[in-house]
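Engineer: Have a look at this one.
The values are calculated or read from the model by the stated rules, or taken from the named source; none is laboratory data. The structure presented is a predicted model; accordingly, all values stated were derived computationally and were not measured. Cβ: placed from backbone, ideal geometry, glycine included. Neighbour counts: every protein chain shown. Keep in mind that these areas ignore ligands, DNA and RNA; they rest on the heavy atoms of the full protein, side chains included. Shrake-Rupley method; radii C 1.70, N 1.55, O 1.52, S 1.80 Å.
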Amino acid sequence: MGKVVIFSAPSGSGKSTIVNYLLSKGLGLEFSISATCRAPRGEEQNGREYFFFTPEEFKAKVENNEFLEWEEVYPGCCYGTLKSEVERIWAKGNIVVFDVDVVGGVNIKKIFGEQALSIFIEAPSIDILRKRLIGRGTDSMDKIEQRIAKAEYEMTFAPQFDTIVINDKVEDAYSDAERVIRDFISK
Ligand code: ADP
Ligand code: 5GP
């Protein structure tokens, strides 16, 4: 069994920004491409950010036991980690990186135990979170309010993670996350 690094956070906290930075650092990290039945956003491509499935295709994979975990993260909107992604990445000798919701993060940590490092990314405040989601410009105001409404609940999961990284100045968050990952890799 190889190692895995799990990132969870309320939407808009900067998880993708930090994960993309870390993936570019040559640490042997590789992104686990999740499955979802939401529509692609912005420049997203099938098989790069996500595998985009119809609700019927997603359900068939659930019934076929193809997911390590899956959650209905927003009403009517499911996301899941395919077992095949973990196998694909470990077969190359790389460390799996998960970008999952807080419930998925806690569940994956339980599955992999000491082989897993779980990192919770936190924005400095809800107001800043809202500004970042608006600034990202990829979601309707409805979707943004839905994500904000969920954020306070999601924050209560932070103590269940191995490490919390506060994403105030992005450079500080980059170096904090990189340091804990380097420690974990060297263990
Ligand atoms: P998530 O993946 O957690 O939903 P993103 O990485 O997409 O969040 O970040 C949300 C928005 O906030 C993006 O537009 C991103 O460029 C911006 N952002 C991320 N980190 C910071 C930061 N430290 N300061 C200001 N803006 C940030
Ligand atoms: P977004 O729509 O912003 O890409 O993602 C919404 C939420 O779904 C984020 O919190 C993201 O981390 C989470 N997510 C993405 N993939 C998975 C997955 O495979 N499993 C779980 N549980 N959550 C996921």
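Engineer: Could you list, in sequence order, the residues of region 42-54 that are part of a loop (DSSP other than H, G, I, E, B), open to solvent by less than 50 Å² (accessible area, probe 1.4 Å) and more than 13 Å from GLU85 (Cα to Cα)?
Structural biologist: If the condition is that a residue be part of a loop (DSSP other than H, G, I, E, B), open to solvent by less than 50 Å² (accessible area, probe 1.4 Å) and more than 13 Å from GLU85 (Cα to Cα), then GLU44, PHE53 are the ones that fit.
Engineer: Let me ask another. LEU129: in contact (Cβ under 8 Å) with a residue 40 or more places away in the chain, crowded, with 17+ Cβ neighbours inside 10 Å and out of contact with any strand residue (DSSP E or B) (no Cβ under 8 Å at 6 or more places or on another chain), yes or no?
Structural biologist: Yes; evaluated as a whole, the condition is true for this residue.
Engineer: Report the residue count in region 133-187 for those that are of a type in the set (Lys, Arg), touching a residue at least 12 places away in the same chain (Cβ under 8 Å) and outside any helix (DSSP H, G or I).
Structural biologist: 0
Engineer: Quickly run through region 152-182 and pick out the residues that are open to solvent by 60 Å² or more (accessible area, probe 1.4 Å), closer than 26 Å to VAL103 by Cβ, at pLDDT 95 or above and not β-branched (Val, Ile, Thr).
Structural biologist: Result: PRO159, GLN160, ASP162, ASP168.
Engineer: Go through region 15-43 and count every residue that is within 22 Å of ALA123 (Cβ to Cβ), small (Gly, Ala, Ser) and in contact with a Leu (Cβ under 8 Å, 6 or more places away or on another chain).
Structural biologist: Final tally of qualifying residues: 1.
Engineer: Return the residues of region 61-77 that are in a strand (DSSP E or B), more than 8 Å from ligand 2 (Cβ to nearest atom) and more than 19 Å from VAL97 (Cα to Cα); say none if nothing qualifies.
Structural biologist: The answer is GLU72, and nothing else.
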